[in-house]
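Structure first, then comments.
The values are calculated or read from the model by the stated rules, or taken from the named source; none is laboratory data. Predicted, not measured: the structure shown is a model, and the values here were computed from it. Don't worry about glycine lacking a Cβ; one is built from the backbone with ideal geometry, like all the others, and counts go over all protein chains shown. We work out accessible area using only protein heavy atoms, side chains counted, and drop any ligands, DNA or RNA first. Shrake-Rupley method; radii C 1.70, N 1.55, O 1.52, S 1.80 Å.
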Amino acid sequence: MPGMEILLADAAENLHPARWQMAFSLGWHIIFACIGVALPAIVVVTEWRAYRRGNPHLRELAHTWAKAMGVLFAAGAVSGTLLSFEMGILWPGLMNTYGEVFGFPFVLEGFSFFIEAIFVGIYLFGWNRMSPRAHMLSAIPMIIAGASGTFFVVAANSWMNNPTGFRLDESGRVVDPQPVAAMFGPSMPAQVVHMLLAAYMVTGFTMASIYAIGMLKGRRDHYHRFGLLIPLTFAAIVTPVQIGVGDWIANVVAENQPAKLAAMEGQFATRAEAPLSLGGVYYDGELHYALEIPYGLSLLVHHDPDGVVPGLEEFAPENRPPVNIVHLAYNVMVGLGTALLVLAAAFGYAWWKRRRLLQHKWFLRSVAVSGVAAIVAMECGWITTEVGRQPWIVYDYMRTAEAVSPAPGLYLGLYATLAIYAVLTVFTVVVLRRLAKGHDIPAPQELDATPPDDRAGKVAVR
């Protein structure tokens, strides 16, 4: 059929701009989504400590972070709205065929978003207008909604990795859809926990890095010290837990997506006593120049050095992921995650034994780069997940090329998206910089001149 051939040709031509647009949109939005999940809890804990200790520095810090949270939530709302349109515009084959199966989590995520938006507004405008207890309690629905929104979105993504909750009839059409069952597939628990912990790592290390830079410039006041210590504590607590979850999710991938695991390790041949491969370049059916840890992959997957791990040779060439991209992204994620674990351990040791190390320039330099490292690690994790699933958009059921829109002009949409996000980035950075310069902390002499009882009274009234 000539018409069908034209549509398939247009779809093949549109595949690259559609994937680039979706990748860029997701990569940009996920940073703001992480902050939206973790920052409310960090702000509320800081506010609680401020009232408990009567500390104006902590209270001013919490207020500044709350205003930044509002700005970042607005930016994330814009990018999230664009993503919702892109799902239908760029991938009509996916939504038309499987929307009734995995679309339900997106509906529920919309409710989570509206609840979070409402209570973000209440929390921001309730500052100095509500009692401290009521104000902090108003943040609880915001924190819960942020976590539930993450659950619903990641549940939809985990379904794409391991689709469940439906059957196909003889003609290939979906029958007996079960949206609730589809949300609770085999990949969902590990992916959700992994993402929630990543949100606290990204937010905690990024916030701490900003204040570490300020301290390296000589700003060693209480405001900057608290600004470093509080978010860094959150990040340091969840980092070792994330490493353990990494082992969990590796086992889930090995069981349900062996082709992805083989690409992550650049392993062509199925073998026992499989090593972990660090670095290297894959070509001619082999990983070259890699540093191998003997028995490492077999131990990771089977907890047995003799465990057999399937290689890429088990899969047809057209069903294999692009190995070098997946392998590199996975290695970068693991390497940066390990470096952040070392930083978290150093922070714990310094806090427990030698607090003077927290002021050392090399420690501050390490914290200063930890924010970028956490973001890059998180982005590489998503690259591993999404590119490692290729060529499938729904694993083992629908190819990405079958789902893309055949409509002309998708390159124009890509260019428009890049322009929108460039403007949004500049706007967000400018507003946050002005906000950072606008905090007003009482001078030490003003604090000393105020009687303790009066000062506590003013804090309580505020």
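Being assigned by TED's automatic domain parsing to the domain that holds residue 382 and either touching a residue at least 60 places away in the same chain (Cβ under 8 Å) or not hydrophobic (A, V, I, L, M, F, W, C) (or both) is a property that does not hold for residue 308. Checking the structure you have, find out if any residue of segment 161-168 is in a helix (DSSP H, G or I) and either of a type in the set (A, V, I, L, M) or assigned by TED's automatic domain parsing to the domain that holds residue 104 (or both). Yes, there is a match, as at least one residue in segment 161-168 is in a helix (DSSP H, G or I) and either of a type in the set (A, V, I, L, M) or assigned by TED's automatic domain parsing to the domain that holds residue 104 (or both). Screening residue 66 on (1) modelled with pLDDT of 85 or more; (2) open to solvent by 50 Å² or more (accessible area, probe 1.4 Å) shows it passes everything except condition (2). Taking the criterion of being part of a helix (DSSP H, G or I), acidic (Asp, Glu) and more than 22 Å from the chain's Cα centre (by Cα), would at least one residue in segment 101-117 satisfy it? Looking through segment 101-117, none of the residues is part of a helix (DSSP H, G or I), acidic (Asp, Glu) and more than 22 Å from the chain's Cα centre (by Cα).
Taken residue by residue, segment 122-135 has at least one member that is at positive phi and either within 24 Å of the chain's Cα centre (by Cα) or surrounded by fewer than 19 Cβ atoms within 10 Å (Cβ to Cβ) (or both).
Would you mind stating whether residue 255 is open to solvent by 20 Å² or more (accessible area, probe 1.4 Å) and either of a type in the set (S, T, N, Q) or on the phi > 0 side of the Ramachandran plot (or both)? Taking the combined requirement at face value, the residue does not satisfy it. Within the bounds of segment 222-244, is there any residue that is open to solvent by 10 Å² or more (accessible area, probe 1.4 Å), among the hydroxyl-bearing types (Ser, Thr, Tyr), modelled with pLDDT under 90 and not assigned by TED's automatic domain parsing to the domain that holds residue 155? No, segment 222-244 has no match at all. The set of residues in segment 311-335 being among the aliphatic types (A, V, I, L, M) and within 30 Å of residue 372 (Cα to Cα) consists of 323, 325, 326, 328, 329, 332, 333, 334. Determine whether segment 396-417 contains at least one residue that is in contact with a Pro (Cβ under 8 Å, 6 or more places away or on another chain), in a helix (DSSP H, G or I), closer than 20 Å to residue 262 by Cβ and open to solvent by less than 50 Å² (accessible area, probe 1.4 Å). Checked against the condition, which is being in contact with a Pro (Cβ under 8 Å, 6 or more places away or on another chain), in a helix (DSSP H, G or I), closer than 20 Å to residue 262 by Cβ and open to solvent by less than 50 Å² (accessible area, probe 1.4 Å), segment 396-417 yields at least one hit. Is one or more of the residues making up segment 274-293 part of a helix (DSSP H, G or I) and either open to solvent by 50 Å² or more (accessible area, probe 1.4 Å) or closer than 20 Å to residue 257 by Cβ (or both)? Within segment 274-293 (the criterion being part of a helix (DSSP H, G or I) and either open to solvent by 50 Å² or more (accessible area, probe 1.4 Å) or closer than 20 Å to residue 257 by Cβ (or both)), the answer is no, since none of the residues qualifies. Only one of the numbered conditions (1) over 18 Å from the mean Cα position of the chain (by Cα); (2) modelled with pLDDT under 85 is not met by residue 79, and that is (1). Which pairs do you get when a residue that is closer than 23 Å to residue 155 by Cβ, found in segment 394-416, comes within reach of a residue that is modelled with pLDDT of 90 or more and part of a strand (DSSP E or B), reach meaning Cβ atoms under 7 angstrom, with the pair 6+ apart or on two chains? Filtered contacts from segment 394-416: 398/392; 399/392; 399/393; 400/392; 400/393; 403/393. Residue count for segment 312-331 under the criterion of being aliphatic (A, V, I, L, M), in a helix (DSSP H, G or I) and open to solvent by less than 50 Å² (accessible area, probe 1.4 Å): the result is 4.
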